[in-house]
Amino acid sequence: MTTQHVDNTTGQIDFVGAGPGDPELLTVAALRAFEAADVVLHDRLISDEVLILAGASAKLVDVGKAGFGPSWDQGDINDLLVAHGQNGNRVVRLKSGDPTVFGRLDEEIEAVEAAGLSWSIVPGITAASAAVAGIGQSLTRRGRNSSIRFLTGHDMKGFADHDWAALARRGEVAAIYMGKKSARFIQGRLIMHGAVRNTPITLVENASRPDQRVLATTLDRLPADLAQADMNGPALTLYGLAPREAVQALTEFNKEHA
Ligand SMILES: C[S@@+](CC[C@H](N)C(=O)[O-])C[C@H]1O[C@@H](n2cnc3c(N)ncnc32)[C@H](O)[C@@H]1O
């Protein structure tokens, strides 16, 4: 755990990664911060199995946002963090996965810093790591992809734009967060920029949790298969990757039909 700023006059804010949902995937540092907390402000995606590990006297506050529609204003979350800190509390700001990945972390740090409060970041296991483990693959592989992109399906303006031409090149791999609603948009952009229609795509819903589901599809079939799968939980879209058994089966098939 790295303390970035210290001011001993008031409380302490720890920005803690809760991991993808399986409590076994919490770090020891996260657990310690969690157990010591007076107040825990948590996102909606945090699993009950993780929340139950908070210290018995900790006050839990759900400040979650759902999909496109904000339920808690970011300014209100910042104010609440600062207010609890200024009351001398040890505050854990618990975010799913890793707090530094699509977590609006900087806005909260800036508010806490402006109030002169101490803060730290406790990293966590991001959804991409849990999702790729769930399909027995690697995010990078020698000879296939020497870089990996973390993309968001939507940003503050709507569907997010990316370097589609670069992504459309054969062998590229990307982990797409919040990619369900934008699946058709992403498909259209990639095909328009020359991506091969049978590029493998795998969605992992509820990665690391007991209700994890895997949808193996292709760029061509993505919107139709996604609609049919009816995924309601958080899902990570792995572009350019198929589950390992499927890759092996395809390799065998290609050998047999060569
Ligand atoms: C606001 S982002 C937060 C990402 C988080 N900070 C992380 O590092 O995983 C929320 C998105 O993360 C992904 N996500 C989070 N937890 C997940 C899980 N257990 N399984 C699959 N995707 C997950 C989904 O794409 C979801 O829409």
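Every number here is computed from the coordinates shown, using simple stated rules; none is lab data. Just so you know, these numbers come straight off a predicted model, no measurement behind them. Backbone-built Cβ (ideal geometry, glycine too); neighbour counts: all protein chains shown.
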(request) Inspect all residues belonging to segment 196-212 and state whether any of them is out of contact with any Asp or Glu (no Cβ under 9 Å at 6 or more places or on another chain), surrounded by 19 or more Cβ atoms within 10 Å (Cβ to Cβ) and polar (S, T, N, Q). (result) yes
(request) Mind listing just one residue for me: the one in segment 217-247 that is without any contact (Cβ under 8 Å) to a residue 60 or more places away in the chain and in a strand (DSSP E or B) and, of those, nearest to the ligand (Cβ to nearest atom)? (result) ALA235
(message) For ILE125, only one of the following conditions fails: (1) aliphatic (A, V, I, L, M); (2) under 30 Å from ILE109 (Cβ atoms); (3) more than 12 Å from the ligand (Cβ to nearest atom). What is its number?
(response) (3)
